[in-house]
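S.K.: Here it is, the structure, as structure tokens.
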Amino acid sequence: MNRLVLQAQILETAAIRYTPAGLPALDLMLRHESLVDEAGSQRKVALEIKAVAIGEVVKRVQALSLAEKTVFTGFLSAQRQGRGTVFHITGLAD
């Protein structure tokens with residue numbers, strides 16, 4: 001199963017583009033910071049990840065402010081040339 005739930009904030013967004021099928025697509029960069037338990041001790045985790053929203057979820061993502069922490073849901077995929085990973089956002093948790 002490939003499912004990701006990530007609380008993050010938007011660092012930056014690109015201009016809306018359209019897929020060959022005519023769907024709106026929004027490329028963004030997300031930042032996550034948290035403390036997690038690992039092997040009995042707490043570890044600080046911080047990461048930035050490329051993300052894309054396609055279709056109706058674009059409007060909801062656009063309405064978010066940059067500083068707002070949001071829970072994003074979706075899946076991971078390889079980038080077009082196979083270098084790196086991109087988080088495909090399919091929804092926002094309420």
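The values are calculated or read from the model by the stated rules, or taken from the named source; none is laboratory data. Computed from a predicted model, the values in this text were never measured in an experiment. Please note: Cβ atoms are built from the backbone with ideal geometry, for glycine as well, and neighbour counts cover all protein chains shown.
S.K.: So, in the range 19-50, how many residues would count as being within 13 Å of residue 7 (Cβ to Cβ) and among the small types (Gly, Ala, Ser)? Spell out how you get there, then give the answer.
M.R.: Taking the range 19-50 as the starting set, the residues that turn out to be within 13 Å of residue 7 (Cβ to Cβ) are 30-36, 45-47, 49.
Those left that are additionally among the small types (Gly, Ala, Ser): 34, 46.
So the count comes out to 2.
S.K.: If you don't mind, another one. What number goes with the only condition from (1) surrounded by 10 or more Cβ atoms within 10 Å (Cβ to Cβ); (2) modelled with pLDDT of 95 or more that residue 93 does not pass?
M.R.: Going through (1) surrounded by 10 or more Cβ atoms within 10 Å (Cβ to Cβ); (2) modelled with pLDDT of 95 or more one by one, residue 93 breaks only (2).
S.K.: Within the range 22-46, track down each residue that is closer than 23 Å to residue 74 by Cα, loosely packed, with under 10 Cβ neighbours inside 10 Å and of a type in the set (Gly, Ala, Ser).
M.R.: Residues satisfying the conditions are 22, 46.
S.K.: Looking at 54, 10, 49 in this structure, which one is out of contact with any Asp or Glu (no Cβ under 9 Å at 6 or more places or on another chain), surrounded by 13 or more Cβ atoms within 10 Å (Cβ to Cβ) and in contact (Cβ under 8 Å) with a residue 40 or more places away in the chain?
M.R.: Values: 54 fails: in contact (Cβ under 8 Å) with a residue 40 or more places away in the chain; 10 fails: out of contact with any Asp or Glu (no Cβ under 9 Å at 6 or more places or on another chain).
None of the others qualify; the one that does is 49.
S.K.: For the range 43-52, check the following and say yes or no: at least one residue is more than 16 Å from residue 87 (Cβ to Cβ) and within 13 Å of the chain's Cα centre (by Cα).
M.R.: First, the residues of the range 43-52 that are more than 16 Å from residue 87 (Cβ to Cβ): 43-44.
Applying the additional criterion that residues be within 13 Å of the chain's Cα centre (by Cα) yields none.
No.
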